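Everything on this sheet refers to the single structure shown next.
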Amino acid sequence: MKRFTFILENEKKKKLYPRDLAPKLQGVLMQNLPSEVAESLHQREINPYSTWVSRIDEEYKWEINVIDDKLAQRIETIFFDNDFKEIVLRSYGDLVMNIKEKKKEVHNIEKLSRNFYEKEAPSKFSISFLSPTSFKSQGEYVFFPDIRLLIQSAMRKYQALNENDKEVDEHLLQELESRARVTSYRTKSQYFKVHQSSIPAFEGEVTISVNGNQTLKNYIFMLFSFAEYSGVGIKSSMGMGKIKLVSK
């Protein structure tokens, strides 16, 4: 897995909202990839990457987390070329975003597996939802931290991107759901605009307690550790569902 981080600054010092900027930057990513790669990603049910945009004073941090090694290499080759120094946002009237800094980090997925076997995960931890997060269930948006949907999303992404298995073990999901519960939360409603639609979502923090043997605790913690890269919920490739895990 690789994490690419870009620090951007717009020439006009125009204030932009991260939740509005994120889909535009994902569009930039798609435009710069070879057409056959972009088309393949559009057709995938679960994308092997997630993005996140945050604002720091007058600068913007654009983070791309990539699970697939081949895709990571393509992105690195294109975006870390010395001549790639700016991004032009057509939807903002050809606004130029200068790239002030580029950073790449390698994260070993095998390390997550080793932690599962070698370390003891906490019984209680918090998840910070750093970008608007939402789930889809029975055709409806769910914009609160439902424990089943949280675990199900993390399981689906982990299995699809690491084991090429899209089907979640329902028996295991029910077991995990019965052992984990949200003990406190502090969230606020947000909307995330995609084209002409506004998706209801939430941001904030939840605390989760896990009651079960150490293996079960380790597995749940591993899933959410992976979700720091894959995101949770819908539209994580467009900037939704960014989480950060905090041990208690």
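Compute the FRET efficiency between residue 169 and residue 106 as 1/(1 + (r/R0)^6), taking r as their Cβ-Cβ distance and R0 = 30 Å, and round to the nearest 0.05.
Efficiency computed from Cβ-Cβ geometry: 0.50.
Grab the alpha carbons of the range 47-158, take their convex hull, and tell me the volume per residue in Å³.
184
If R0 is 22 Å, what FRET efficiency do you get for residue 7 and residue 68 from their C-beta distance, rounded to 0.05?
0.35
Taking 8 Å as the Cα distance limit and 6 or more residues as the minimum spacing, I'd like the relative contact order of the range 28-146 as a percentage.
Rounded, it is 13 percent for the range 28-146.
Calculate the all-directions average of the projected area of the range 118-177's alpha-carbon convex hull, and give it in nm².
5.7
Per Stokes-Einstein, at 4 °C and 1.567 mPa s, what whole-number D in µm² s⁻¹ belongs to the range 2-106, with the Kirkwood radius over Cα pairs as the hydrodynamic radius?
92
When only alpha-carbon atoms are used, what values of Rg and Dmax, in angstrom, describe the range 1-54?
13.0, 37
Rounding to the nearest 20 debye, state how big the charge dipole of the chain is about its Cα centre with +1 on each Lys and Arg Cβ and -1 on each Asp and Glu Cβ.
740
Please sort 83-90, 229-236 by packing, taking for each peptide the average over its residues of neighbouring beta carbons within 10 angstrom, highest first.
Final packing ranking: 229-236, 83-90.
Past 19 Å, Cα to Cα, is the threshold; run 70/235; 24/104; 24/235 against it and keep the listed order.
Distance filter (> 19 Å) returns 70/235; 24/104.
Trypsin sites (Lys or Arg not before Pro), restricted to the range 96-154: which are DSSP loop and have at most 12 other Cβ atoms within 10 Å?
119
Helix 109-118: angle to the longest alpha-carbon principal axis of the chain, degrees 0 to 90, nearest 10?
20
Can you tell me the FRET efficiency between residue 195 and residue 148 if r is taken as the Cβ-Cβ distance and R0 is 41 Å, rounded to the nearest 0.05?
With R0 = 41 Å, the Cβ-Cβ based efficiency is 0.90.
Let me know the Kirkwood hydrodynamic radius for the chain, please, with Cα pairs as the basis and the value in Å to one decimal.
Over the chain, the inverse of the mean reciprocal pair distance is 18.8 Å.
Explain nothing, just the number: dipole magnitude of the range 2-106 about its Cα centre with +1 on each Lys and Arg Cβ and -1 on each Asp and Glu Cβ, in debye rounded to the nearest 20.
300
Once all Cα-Cα distances of the range 133-248 are split into 10 Å bins that start at 0, what whole-number percent is in each one?
With 10 Å bins starting at 0, P(r) equals 13, 47, 33, 6, 0.
Residues in the range 223-248 near a label at residue 115, defined as backbone nitrogen under 16 Å from the 7 Å Cα→Cβ point?
223-232, 243-248
Just want the answer: with Cβ charges of +1 for Lys and Arg and -1 for Asp and Glu, which residue in 82, 56, 122 is farthest toward the dipole's positive end in the chain?
Most positive-ward Cα: 56.
Cα centroid distance between the range 193-247 and the range 130-182, in Å?
9
No value in this document is a laboratory result; all are computed from the given coordinates. In this text, all values refer to a predicted model and were calculated from it rather than measured experimentally. Cβ coordinates were reconstructed from backbone atoms using ideal geometry, including for glycine residues, and neighbour counts include every protein chain displayed.
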